[in-house]
Each structure stands twice: as structure tokens, then as C-alpha cells.
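Enquirer: The structure follows.
The values are calculated or read from the model by the stated rules, or taken from the named source; none is laboratory data. If you're wondering where the values come from, they're calculated on a predicted model, not measured in any experiment. Here the Cβ positions follow ideal geometry from the backbone for every residue, glycine too, while neighbour counts run over all protein chains shown. Side chains are part of the model used for accessible areas, which takes the heavy atoms of the whole protein and leaves out ligands, DNA and RNA. Shrake-Rupley method; radii C 1.70, N 1.55, O 1.52, S 1.80 Å.
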Amino acid sequence: MAHEHAIGGHAGHDDHEHHGPPSGIMRWITTTNHKDIGSMYLWFSFIMFLVGGAMALVIRAELFQPGLQVVSPDFFNQMITLHALIMVFGAIMPAFVGFSNWMIPLQIGAPDMAFARMNNWSFWILPVASFLLILSMFVPGGAPGTGWTLYPPLSVQQGMGMDLAIFGIHLLGMSSIMGGINIITTILNMRAPGMTLMKMPMFCWTWLITAFLLIASMPVLAGAVTMLLTDRHFGTTFFNAAGGGDPVLFQHIFWFFGHPEVYIIALPAFGVISQVIPAFSRKPIFGYASMVYAIAAIAIISFFVWAHHMYVTGIPLTGQLYFMYATMIIAVPTGVKVFNWVATMWKGSLSFETPMLFALGFLFLFTLGGFSGLVLAITAVDILLQETYYVIAHFHYVMVAGAVFSAYAGAYYWLPKWTGYMYDETLGKWHFWLTLIFFNMTFFVQHFLGLAGMPRRVPDYALQFTEFNMISSIGAFGLGISQLLFLYIVLKARKSGKKVDAQVWDGAEGLEWTVPSPAPYHTFETPPVFEGGKH
Amino acid sequence: MKVSMKKFASVTGATALAIWSLISSSSAWADYQLNMHVPVTEAGRRAYDLHNDISLICLAIFIIVFGVLAYSLIFHRKSKGHKAADFHEHLGVEIAWTVIPSIILVLIAIPSTTTLMEMKDTSEPAITVKVTGYQWKWGYDYLKGEGEGIKFLSVLATPKDQIHNKAEKSPSYMMEVDNPLVVPVNTKIRILTTANDVIHAWAVPAFAVKQDAVPGFIRDTWFKAEKEGTYVGQCSELCGKDHGYMPIVVKVVSAGEYSTWVDEQKKKAASNVDDPNKVWTLDESMVRGEKVYNTACASCHGANGQGIPGTFPALDGSKIAKQAKNKAAHIDIVLHGKAGTAMQAFGGQLSDTDIATVVTYERNAWGNKTGDVIQPADIKAVR
Ligand code: HEM
Ligand SMILES: [Cu+2]
Ligand SMILES: [Cu+2]
């Protein structure tokens, strides 16, 4: 099948002078086609999502009851680390890069990404990096048992698994930086005539800004882990007080990367939601310009709030106050986005297909996560809550409910465009409701655990925490199993789904809906005429 | 769609019921709680109130925003024939929803600032205690005030059998230590934190206290407990394998009881002093050494000296512990530790006698039958 397309459509591409891609595995290894690469990113991220999810289930199985039942404390800590690294760098980030590869050229009317060969590189580095992370489990001493934050001196004590993880993180960073450069160049230079920046679809805007965040923050992480590496092996003492260093320095560098990183995850999610909600409200997005400014504001402020993760490290009162105020400020543009989405739906003509359900789920749960973020921003309160399950609940509300719900919204929204086939709407709704219920079962009760004082990153707990941990563990298994349904839905759509037209959703806007479904292997080889959006 | 939703409802109902019966039967829901403990310090209560107030403000905003959304979801449906309006901008609304949240945040920021300033004011303590985090225990060192000079380690007291589910778990499971920190009620206690190896964090929710303990640096925090009782907390920074097993227990007692406790401790310390010139026999050393080994070394090197492959070396059969030529190296690594690894310097934690006997123990326990007996004087000579 030399002309197998993308996720699996197979409309022939008729009117062009290129030859088809090579067949078999070489097609995927050598491809420079943004659709192929986008699909590979998406499949890869889903596989990593399952791997990271399995690790989460090991953690939740151990926490089902007090006492040690399933794993040793040592292995438990390794699972904590790998679960987070794989979910953040292997599942969520690549998922949105996959969306960007598929959709940015289609949305701006470009034939491909600007640097097609580098795009291939960015992708193929990823499996290698993930392999290193997973390999670290099998070397003497096992994977790092430090949590994804890799704080020294604990990370200096670790075995060679730590070195593999550091190398893996370097590769992931390279991949992200190349991806970022590619996206910025594509968006700034390859828009269809007539598409000014302020007429660009919101998804492209969020990615343009995210790409700058990537380029600015990933090298910082690379620097931090390189310093760690030299502390471990080459006698430097950046993070060792005995040699004039300071362990807390690492935390400053890490979170200078880490807080922008959370917006690297959140902004593309905002972008997807900003496409889906107008489509199913049949009404243009409310306050386009103010949304763009809000995203830019969030991105800039995100570099100035990092030490809200470090309130109890012993930073001085003035530092705590500054970081508290700065963090509270970032809540304003975040709130504005929520208001904009609600106003978009106001007086719309709403319908609730699966993408819209996931978008609504996103809105509901992300807002809850934003509120717990505001609570944590208050230093006096955070002193009670830092390093407890309350923080775990907070960031799962913003990351799982924020990013994963949004990724599902995007996947259901664009799947018909990618494959040419409609998914099963009933099953899609099942997937949504199961995910929503089990998600809350897993994570809502963790607020109570954190308030009552249960620390995070412990394999065992006092008896008073038993009930909520049981509920959370049962929810987690439900949540994990429900995600397999998505795999089934995608495969089923490919096999026996209904064929769709170019305009899949009656309310959807944008150039991507002007090309046939499935999108042909090559699109927009001559730039389309962009007639201006509604803004 | 209708049919499947009905099926869905009945399936979820049944599952919920099953799960509910499982959870409610598993224990009595005796101790669960939905909100924080009410702290027993004034600063803590202010933080607690602040948390409640902010949560309520969030709830109110949530209800307003999602009330509007709910209205829209119900009445602006396509299935009800609602036609989409065409507006997509409104300057007034957009300014309002930027300015109003900003004002609310300023109102929150004011009490947050004053509360924090109170929590950070560590001046004029009556008693100062230095807390040192070790992998995986706490050291307490009374530096100033009544009780000055008292010094002890505090280790988890829960038996291994309970952790490994071979024995019934006691109500204080994981929240019990051999030597709790004891302080008088209504007295300002300043806590200095530091660590010996990696970062730990000393935390007691009832005092609204949490402070990282950073190796090589001293940080501080304080509390003034207003109610007698026993308060617990846990290490709150991941510090390796047994991070979950280094609880903090603080006993707050009356001034009188505290004085009695201080006297007892002083007497105990005086009677515990070993004669540094005593010459120990092998049998004596093995008894004392095993005790030291089990409290200080077994968490890493294993109760039978087997270690954890790849992470903590086995001592049973190890070159250092078995070969005669490595006797000095053996003493050296216990005394001074090994930089960059979890093997910490025990010179500051253990007395010469403890180190001598534990080295003797390691050189004679399990398969290591070297017959070497190390004397306290040998340790003193190389300190
Ligand atoms: C209204 C916006 C937000 C505010 C005010 C906020 C505030 C905070 C604060 C203060 C903490 C530190 C808590 C602690 O360690 O004690 C935190 C942790 C965290 N937040 Fe947020 N946050 C917001 C949105 C987000 C978003 C959008 C994401 C990601 C998509 C996110 C991801 C995280 C993560 C991953 C952590 C925990 C990191 C760790 O310790 O491992 N947050 N947040
Ligand atoms: Cu942050
Ligand atoms: Cu710890």
C-alpha cells in the first residue's frame, strides 16, 4: 500500500507532480510529510500515555491500603519519577506537537512545515529518549527515585539510571527546541495571503507563543541537568554546600523552566478548546483580540513566578511576598480566558457532540484546578499544603483535566478530517462520561487527603487516610481502563466508520475544512485565498 | 442513545453501590476529615481561616460563572432551536471581568500578607531547637532555653511486621517515634532546620509549620502551641527510600511536666556515658553493636547485611568488612562517610563506643568471621 495515508485514509492524491512516499517501515522513518509526522507523534504519545498510566496504576495499587503490599519503597519512588517524566515529556507534550504538525499547515494554508527534514528529526529523537528513560529501570540501582523534579543532593546519590534520565532529558529538550523553531518559522512565514496574524486561528496563536516558551525554557532545564551531571561525575559542586554550592540553586533553575513548562502544556490545550467551543456554539470566539493578549500575558508572566514552588525552601519574606503577588496576577489572564469561553457559548446554538463534551469537561475541571492554584499561591496557606496531596490534586486538575481532556476534544474534532471516517458518537460519549466520573473519583478526594495532611510521594500512610485512598485507587483503575475505549473507538472508525465530507462539523470554521476528508497527502501546494475570518 | 444512557445509569449505579459497600465496610470512617486540622497556634489559625475564606470566595465565583454557563447550556441549545447570536466583542464586559477579579485578588492579598508576616517572625524565642534531617530519622538538639544541651535522635517506632502486614496495625501506625520532641505549652519555640545528607522538610500541620531542611544551610521557623497534646507530622520532601517512614511527633506538655522531663533527660545522659577507656570483649561488642546496627545501618544495608543490590552494598562478605587490610578503611567510611553517596558520616551521630562496636559487629556478623575487635580508643585515635 504505497499510498496509505496518514492515520489510515487512502484517497489518492491526483493532481501533483510528487511521487508517493516509499512503502513499509522506511516510509515512516524517512518521511518529511507533516501529516505522517503528526500521526506518528499522536500514536507515540498515546502509547506513552498508556505506559505512564500503567506506572500510575502501580502507584495507586500500592496506595490502596496502608502498609506495603505491591512494591518496595525504592521501586515506588522510581515509579513516581518515571510516571511524571513520561506523562509530561512523552505523552502530553508530543500529543500537542502532533496536533501542531497536522493542523498548523492546514490552518494557515501552507503545504508543509518550514523545515520538513528537521521535523523528522524532532520526532525520531523522541522514541530514543523515552527508551533511555525506560531503560533506566533495568540498570543497577534502577531508575531515579527522586521524583520528576530531580532535586539534588538526592539525585547526586542515585545510580546510573540517573545518567540515562539526564541524557534522555537532553534529547527531549533538543526535540522540543527544534519543534519550536519549526513552528515559529512556519507560522511567521508561510501563512496564506490575506491571513494576517490577528486573523489566524486561535490554535496557531497558542502554538506560536508556546514555541517561544519552549525555546526559552528548555535550554534552562538542559543547563540544570548538565550541572547535575557534572556534580555527579566531574567534581563540580554547584549544588553542594561543602564546595560552596547550594542545593536550592537547582530548584531555582528547575522551576524557572518548570513554571513556563506548565504553560507549554496548558496553552496549546487552550488553543484546541478555542477551536472546538466556537464550532459547536456556531458562533465566533468571543474577544479574539483579548484572548491573544491574555495568552501573551500568561506566557510572559510565567517566567516570573517560579518560586511559588519553593515557598518552604527558606526564601526570605520579601521573596515569598513577591512570588505570591506575581502568582496571583497570573490568575487574572487565566480567568479572562475562561470568561471568554463562557461568553462564546452564551446565546450560541449549542450541540453536544463528543469534542464539545470534552471541551466542557475541560472548562469545568480546569477552572477547579485554577482555583486550587489560587489557594496554593497564598504563601501562608501553601505552607500547610505544599508537598501534600492537595498539590497532586491541583496539578492533575490542570494537567489531566486541562491537557488530556483538551487533547481528546481535539482528537475527536479532527479525527474525521485525518481519517475520512466518523467515529462512533455513542461510544465517544461513553468515553467522555467514564473519563469524567473516574477522573473526579480519583482526584477530587485527594484534596481532602492533602488538607488533612497526607504528604505526597509516600508509599504508605496513617490509617486516617485509608478511605479516600481506596476511593482514589478504584477511580484510577476505572480511569485507566476507560482510556482503552478510545483506542477501540479510533480503530473502529478506521475500519467501519461512516465516510465524511470536507466540512465535517456544520459550525466549524477554518481552512482545514476546505480540503477533502481525509486530508490528501499533499495539501495547499498553491496557497489558498484566505477570505478573512469573522474577526 | 436513550437506551444506552439508561443502561449507563444502571451500570454506574451498581458499580457505585458495590464500591460504596467495599469502602464503608473496610473500616469505620472514624478519622477521615474533609478540611484541615484546626491548628493549635495563633498564626496557624489565621492561615486556616484564610484558607477557608479564599475557598469560599472561589466557590462563589465558581457558582456565578458556571451558573451563567448552565443557563446557556440549558437554554441556548441547537436542539431547542436556538439561533446563534452574532456578537463577538464587548469592551465593557471585557474590562469588567479583568478589573473585578483584580480587585478581589487585592482584597485577598492584604490578609495574606499580614498572616505571612506573622508566620515568618521568629524573633525572641524562649527555646531554640535545632532539627537535623538524616536519611531516615530526625535529630533534635536543644540549643537555648530550658533544656539546653539535650540531644537525641528520633526514629519511627512502628514495628516492621505492621508495615509488612504481618501484624495488626496499631491506631498510631506510622505516626509514632521512639523519642518525640517535647516542648512546653504556650512557649515560643524556634526551630532551626538543617540536614545531614539530602533535603528533608520538617512539618507539623497542627502548628502550620513546614520548613525544608537543607544540608549545609540553616533555616528557621517557629510555633507557640496553645494546647497540650501529641501532634504528628511527616517529612515533607522526598529524601529517598524511607522518606515515608520518618514521622515527626511533638509532645506539648505543661511547664511543670517539661521541667521534670528536662531533669530526667539530663540524668539519663549522665548515666549513659560510656567509659572511653573500657576494653570491650568480642561478645560485649556484638551485643552493643547489633543494637547500633539495627537503628543506624539496617535501613540501608539490610537486617542481614544483604543490602539492596545496585543501591546499597551488602556488608556480608564485602571486601571492606571482611579483609584484615581494610580495617582502617572500614572505620574511616563509618566515621566520615563517602561524599556524594547515601553513606553518611556517622562521626557526628554516634559515640566512639557505638562506632567501635558497630564496626566490630559488621566484621563478625553473618559470614564475616574476622575475629577483629575494635576499641573506642581506636576510633578516638582517627577522629
Ligand atoms: C490559575 C493558574 C495557576 C495557579 C495560580 C497555579 C499555582 C500553583 C502553585 C502555587 C503551585 C505550587 C504548589 C506547591 O508546590 O505547594 C502549583 C503547582 C503545580 N502546578 Fe499550578 N497553577 C496554575 C495553573 C497551572 C497549570 C495551567 C498547570 C499545567 C497545565 C499547572 C501545573 C502545576 C504542576 C505540575 C504543579 C506541581 C509541580 C510539582 O511540584 O511537581 N498549574 N501551581
Ligand atoms: Cu508554577
Ligand atoms: Cu523525606
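Enquirer: Quick one: is A:ALA279 of a type in the set (Gly, Ala, Ser), without any contact (Cβ under 8 Å) to a residue 60 or more places away in the chain and crowded, with 20+ Cβ neighbours inside 10 Å?
Expert: Here the answer is no, as A:ALA279 does not meet what is asked.
Enquirer: Is it the case that some residue within the range A:185-200 is more than 25 Å from A:PRO459 (Cα to Cα) and within 14 Å of chain B (Cβ to nearest Cβ)? Walk me through how you get there before you give the answer.
Expert: Taking the range A:185-200 and keeping what is more than 25 Å from A:PRO459 (Cα to Cα), we get A:185-200.
With the extra rule that they be within 14 Å of chain B (Cβ to nearest Cβ), the set shrinks to A:198-199.
Yes, the conditions are met somewhere in the range A:185-200.
Enquirer: Further question on the same structure: Going through B:PRO180, B:PRO184 one at a time, which residue ends up being in contact (Cβ under 8 Å) with a residue 60 or more places away in the chain and either closer than 27 Å to B:THR295 by Cα or of a type in the set (Val, Ile, Thr) (or both)?
Expert: Exactly one of B:PRO180, B:PRO184 is in contact (Cβ under 8 Å) with a residue 60 or more places away in the chain and either closer than 27 Å to B:THR295 by Cα or of a type in the set (Val, Ile, Thr) (or both), namely B:PRO180.
Enquirer: Then there is this: Using the structure shown, decide if A:GLY348 is within 22 Å of B:SER72 (Cβ to Cβ) and either within 16 Å of ligand 3 (Cβ to nearest atom) or surrounded by fewer than 23 Cβ atoms within 10 Å (Cβ to Cβ) (or both).
Expert: Numbers: within 22 Å of B:SER72 (Cβ to Cβ): yes; either within 16 Å of ligand 3 (Cβ to nearest atom) or surrounded by fewer than 23 Cβ atoms within 10 Å (Cβ to Cβ) (or both): no.
No.
Enquirer: Moving to a separate point now. Just checking, does the range A:236-255 include any residue being away from chain B (no Cβ under 11 Å), touching a residue at least 60 places away in the same chain (Cβ under 8 Å), surrounded by 21 or more Cβ atoms within 10 Å (Cβ to Cβ) and in a helix (DSSP H, G or I)?
Expert: Yes, some residue in the range A:236-255 is away from chain B (no Cβ under 11 Å), touching a residue at least 60 places away in the same chain (Cβ under 8 Å), surrounded by 21 or more Cβ atoms within 10 Å (Cβ to Cβ) and in a helix (DSSP H, G or I).
Enquirer: Would you say B:ILE374 is touching a residue at least 24 places away in the same chain (Cβ under 8 Å), buried (at least 20 other Cβ atoms within 10 Å of the Cβ), under 25 Å from B:ALA195 (Cα atoms) and not aromatic (Phe, Trp, Tyr)? So that I can check it myself, show each step before the final result.
Expert: Working: touching a residue at least 24 places away in the same chain (Cβ under 8 Å): yes; buried (at least 20 other Cβ atoms within 10 Å of the Cβ): yes; under 25 Å from B:ALA195 (Cα atoms): no; not aromatic (Phe, Trp, Tyr): yes.
No: the conditions fail for B:ILE374.
Enquirer: So in the range B:208-218, with the set limited to residues that are more than 16 Å from ligand 1 (Cβ to nearest atom) and surrounded by 24 or more Cβ atoms within 10 Å (Cβ to Cβ), which one is farthest from B:THR230 (Cα to Cα)?
Expert: The selected residue is B:VAL214.
Enquirer: Please state which of the following conditions B:LEU238 fails to meet, knowing it meets all the rest: (1) of a type in the set (A, V, I, L, M, F, W, C); (2) within 10 Å of ligand 3 (Cβ to nearest atom); (3) outside any loop (DSSP other than H, G, I, E, B).
Expert: (3)
Enquirer: Output the qualifying pairs, or none if there are none: Cβ atoms under 9 angstrom, residues six or more apart or on different chains, first residue in the range A:83-112 and within 14 Å of chain B (Cβ to nearest Cβ), second residue open to solvent by less than 10 Å² (accessible area, probe 1.4 Å) and more than 16 Å from ligand 3 (Cβ to nearest atom).
Expert: Taking only residues 6 or more apart or on different chains, the pairs are A:HIS83/A:GLY52; A:ALA84/A:GLY52.
Enquirer: Could you look through the range A:458-469, keep only residues that are touching a residue at least 60 places away in the same chain (Cβ under 8 Å) and assigned to a loop (DSSP other than H, G, I, E, B), and pick out the one that is farthest from B:MET175 (Cα to Cα)?
Expert: First, pick out the residues of the range A:458-469 that are touching a residue at least 60 places away in the same chain (Cβ under 8 Å): A:459-463, A:465-466, A:469.
Within this subset, residues satisfying the condition of being assigned to a loop (DSSP other than H, G, I, E, B) are A:459-462.
On the way: A:PRO459: 14, A:ASP460: 11, A:TYR461: 9, A:ALA462: 7 Å.
Out of the qualifying residues, it is A:PRO459.
Enquirer: Of all residues in the range B:235-275, which are within 14 Å of chain A (Cβ to nearest Cβ) and either under 18 Å from B:TYR142 (Cα atoms) or within 16 Å of ligand 1 (Cβ to nearest atom) (or both)?
Expert: Answer for the range B:235-275, where residues must be within 14 Å of chain A (Cβ to nearest Cβ) and either under 18 Å from B:TYR142 (Cα atoms) or within 16 Å of ligand 1 (Cβ to nearest atom) (or both): B:CYS235, B:SER236, B:GLU237, B:LEU238, B:CYS239, B:HIS243, B:ILE248, B:VAL249, B:VAL250.
Enquirer: Going by what's in this entry, would B:SER79 be described as in contact with a helix residue (DSSP H, G or I) (Cβ under 9 Å, 6 or more places away or on another chain) and among the polar types (S, T, N, Q)?
Expert: Values: in contact with a helix residue (DSSP H, G or I) (Cβ under 9 Å, 6 or more places away or on another chain): no; among the polar types (S, T, N, Q): yes.
No, not satisfied.
Table: residues versus (1) more than 16 Å from ligand 3 (Cβ to nearest atom); (2) open to solvent by 80 Å² or more (accessible area, probe 1.4 Å); (3) farther than 28 Å from B:THR193 by Cα.
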position: B:VAL250; (1), (2), (3): yes, no, no
position: B:GLY256; (1), (2), (3): yes, no, no
position: B:ALA270; (1), (2), (3): yes, no, no
position: B:ASP274; (1), (2), (3): yes, no, yes
position: B:LEU282; (1), (2), (3): yes, no, yes
position: B:ALA296; (1), (2), (3): yes, no, no
position: B:ASN304; (1), (2), (3): yes, yes, yes
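Enquirer: Would a scan of the range A:496-511 turn up a residue that is assigned to a helix (DSSP H, G or I) and modelled with pLDDT under 90?
Expert: Yes, that holds for at least one residue.
Enquirer: Given the residues A:ASP460, A:ASP501, A:ASP506, A:ASP424, which is the only one that is away from chain B (no Cβ under 13 Å), acidic (Asp, Glu) and over 19 Å from the mean Cα position of the chain (by Cα)?
Expert: From the options A:ASP460, A:ASP501, A:ASP506, A:ASP424, the qualifying one is A:ASP501.
Enquirer: Enumerate the helices (runs of 4 or more DSSP H) found wholly within the range A:297-391, keeping only those where 3 or more residues are under 21 Å from A:VAL262 (Cα atoms) and facing another protein chain (nearest Cβ under 7 Å).
Expert: So the answer is A:317-345, A:354-377.
Enquirer: Here is a list of conditions, (1) within 19 Å of the chain's Cα centre (by Cα); (2) within 14 Å of chain B (Cβ to nearest Cβ); (3) over 23 Å from A:GLY475 (Cβ atoms), and A:ASP74 meets all of them except one; can you say which number that is?
Expert: (1)
Enquirer: Further question: Given the conditions (1) outside any loop (DSSP other than H, G, I, E, B); (2) more than 10 Å from every other protein chain (Cβ to nearest Cβ); (3) within 27 Å of A:PRO316 (Cα to Cα), and given that B:THR187 satisfies all but one, which numbered condition is not satisfied?
Expert: Every listed condition holds for B:THR187 apart from (1).
Enquirer: Got a number for residues in the range B:332-341 being surrounded by fewer than 18 Cβ atoms within 10 Å (Cβ to Cβ) and either in a loop (DSSP other than H, G, I, E, B) or assigned by TED's automatic domain parsing to the domain that holds B:GLN135 (or both)?
Expert: Final tally of qualifying residues: 4.
Enquirer: Moving to a separate point now. What is the one condition in (1) surrounded by 24 or more Cβ atoms within 10 Å (Cβ to Cβ); (2) among the aliphatic types (A, V, I, L, M); (3) within 16 Å of ligand 2 (Cβ to nearest atom); (4) within 11 Å of another protein chain (Cβ to nearest Cβ) that A:LEU449 does not satisfy?
Expert: If we test A:LEU449 against (1) surrounded by 24 or more Cβ atoms within 10 Å (Cβ to Cβ); (2) among the aliphatic types (A, V, I, L, M); (3) within 16 Å of ligand 2 (Cβ to nearest atom); (4) within 11 Å of another protein chain (Cβ to nearest Cβ), just (3) comes out false.
Enquirer: Condition (residue is small (Gly, Ala, Ser), within 16 Å of ligand 3 (Cβ to nearest atom) and within 30 Å of B:ASN52 (Cα to Cα)) applied to the range A:444-458: is it met by at least one residue?
Expert: Within the range A:444-458 (the criterion being small (Gly, Ala, Ser), within 16 Å of ligand 3 (Cβ to nearest atom) and within 30 Å of B:ASN52 (Cα to Cα)), the answer is yes, since at least one residue qualifies.
Enquirer: Just give me the residues in the range A:427-457 being over 22 Å from the mean Cα position of the chain (by Cα) and without any contact (Cβ under 8 Å) to a residue 60 or more places away in the chain, in sequence order.
Expert: The answer is A:TRP430, A:VAL445, A:PHE448, A:ALA452.
Enquirer: Still on this structure, I have one more. Kindly indicate whether any position in the range A:137-146 is within 19 Å of the chain's Cα centre (by Cα), crowded, with 18+ Cβ neighbours inside 10 Å and of a type outside the set (Asp, Glu).
Expert: no
Enquirer: Another question, if that's okay. Tell me yes or no: at least one residue of the range B:187-202 is within 13 Å of B:THR41 (Cα to Cα) and open to solvent by less than 30 Å² (accessible area, probe 1.4 Å).
Expert: Yes, there is a match, as at least one residue in the range B:187-202 is within 13 Å of B:THR41 (Cα to Cα) and open to solvent by less than 30 Å² (accessible area, probe 1.4 Å).
Enquirer: Here's another thing I want to ask about it. Would you call B:GLN344 open to solvent by 20 Å² or more (accessible area, probe 1.4 Å) and in contact with a strand residue (DSSP E or B) (Cβ under 8 Å, 6 or more places away or on another chain)?
Expert: Criteria not met by B:GLN344.
Enquirer: Read through the list (1) modelled with pLDDT of 95 or more; (2) more than 14 Å from chain B (Cβ to nearest Cβ), then give the number of the only condition that A:ILE59 fails.
Expert: Condition not satisfied by A:ILE59: (2).
Enquirer: Which of (1) open to solvent by 20 Å² or more (accessible area, probe 1.4 Å); (2) more than 16 Å from ligand 3 (Cβ to nearest atom); (3) within 14 Å of chain A (Cβ to nearest Cβ); (4) in contact (Cβ under 8 Å) with a residue 12 or more places away in the chain does B:VAL232 not meet, given it meets every other one?
Expert: (2)
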